[in-house]
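The values are calculated or read from the model by the stated rules, or taken from the named source; none is laboratory data. Please read all numbers here as calculations on a predicted model, not as lab measurements. Glycine also receives a Cβ, built like all others from the backbone with ideal geometry; neighbour counts cover every protein chain displayed.
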Amino acid sequence: MAACRGLRATLIVAKADRLGRRASHVLGLIDNSNVPVVFAEMPNASDLEIGIRAILAQEEARLISERTKSALAAAKSRGAKLGGPRTADQYQRAGEAATRQADDFAASVAPVLADVRKAGAASLREIADALNAKGVRTARGRRWRQTTVARLLERLTA
């Protein structure tokens, strides 16, 4: 608003609810800012139409909040864990688990990698092409690329 005021420009907003979720806030901005406001979804709207849209946006925000709270409560009652790791220790354990999983995957691919290298694949691209030709997928189920082969080799030699 301050930038528009300084430039004597019109503020163009996609929808009334993008300016704010509380009707009083939206209407206050429009009335008290001394900045012309145009809504792209209704460029010729009257103050009445803008007020109605702002009230509807406020009600929709309230309903979304209620639905979200209800869904989270239902998930919690089913035993779902809400939120992510909360402590540094939990972050560390999650990282260690991811490292173990990556190490296990690398170990499972190592024999295939050895066969591919014995067959003559020397460059990262040749190894990637050979693994893809054999139908071996990366840990994420994707095709091998030079970068993923390089990371696999780093993990196996570390």
Given the options Ala71, Ala40, name the one that is closer than 30 Å to Ala98 by Cα and either at pLDDT 85 or above or out of contact with any Leu (no Cβ under 6 Å at 6 or more places or on another chain) (or both). Ala71
Have a look at Ala106, Ala9, Ala61, Ala97 and point out the one that is surrounded by 11 or more Cβ atoms within 10 Å (Cβ to Cβ) and either aromatic (Phe, Trp, Tyr) or under 30 Å from Thr148 (Cα atoms) (or both). Ala106
If you check Gly120 against the conditions, is it exposed (fewer than 10 other Cβ atoms within 10 Å of the Cβ) and without any contact (Cβ under 8 Å) to a residue 60 or more places away in the chain? yes
